[in-house]
Amino acid sequence: EPEVTQTPSHQVTQMGQEVILRCVPISNHLYFYWYRQILGQKVEFLVSFYNNEISEKSEIFDDQFSVERPDGSNFTLKIRSTKLEDSAMYFCASSEYRVEGANVLTFGAGSRLTVL
Amino acid sequence: GNSVTQMEGPVTLSEEAFLTINCTYTATGYPSLFWYVQYPGEGLQLLLKATKADDKGSNKGFEATYRKETTSFHLEKGSVQVSDSAVYFCALRAGTYKYIFGTGTRLKVLA
């Protein structure tokens, strides 16, 4: 069964460092997403991406964050200067098409980011 | 704004017990409702969904009915198994690209 793959599974970084989280969405999917979950808290929407541009973003997704689809297969989330509060599990997701009310996301296993 | 509230966990049950995990929502318009499950070390997987009022989603013995009058989408299973131990997330999608998730409820089933 097709799956969304994420790397790394766990990254530890120092505060202020740049981090890039990588995702390979399902090949025929057109919509891509990043979500995050701070330990013990809700799964929060960060950003959605379609046709090589951001289609929607949350208030969490500030100037420190950026997304890119550098080639036909990867979808990356970059955090320019990490803060302690960026420590979380980051989930990538993709979906095949946007049919109102029926859009289903397929999630990756997540990348755990620990900022020291 | 839109939001999802789930019951606090963890929920610990014996095998073959009846499961209910409560989920209520607040949304403008007519959201689609989902239950996702996360097994240890894995990503979130769609368990079931319902796209309009009175729809019942079902999968793997789990059921949830979209109740507009009570704004609820409670997850139920008649007889849980050890393999059902996981974290369950209720979510809604209302007219935008984003899903809104609850905090998740951890279920532990004991043999």
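Rounded to the nearest 10 square angstrom, A:His10 shows an accessible area of 100 square angstrom against a 1.4 Å probe.
For the stretch B:52-111, the tally of Lys pairs with Cα-Cα distances below 20 Å comes to 7, considering only residues 8 or more apart or on different chains.
Taking R0 as 22 Å, what FRET efficiency do you get between B:Tyr39 and A:Thr114 from their Cβ-Cβ distance, rounded to the nearest 0.05? It comes to 0.50. Using a Förster distance of 22 Å, how high is the FRET efficiency between A:Val12 and A:Asp63, based on the Cβ-Cβ distance and rounded to 0.05? Rounded to the nearest 0.05, the efficiency is 0.40.
Under a Gaussian network description of chain B, with springs only between Cα atoms under 10 Å, the residue in B:Gly29, B:Gly41, B:Gly61 that fluctuates furthest is B:Gly41. Mean partner shielding of peptide A:45-58, defined as the number of other chain Cβ atoms within 10 Å of each residue Cβ, is 2.
When nucleic acids and ligands are ignored and a 1.4 Å probe is applied, A:Glu44 ends up with an accessible area of around 50 Å².
The values are calculated or read from the model by the stated rules, or taken from the named source; none is laboratory data. Keep in mind that this is a model prediction, so the values were computed, not measured. Positions of Cβ are generated from backbone atoms using ideal geometry, with glycine treated the same way; all protein chains shown enter the neighbour counts. Protein only, heavy atoms only, side chains kept; ligands, DNA and RNA dropped before computing areas. Shrake-Rupley method; radii C 1.70, N 1.55, O 1.52, S 1.80 Å.
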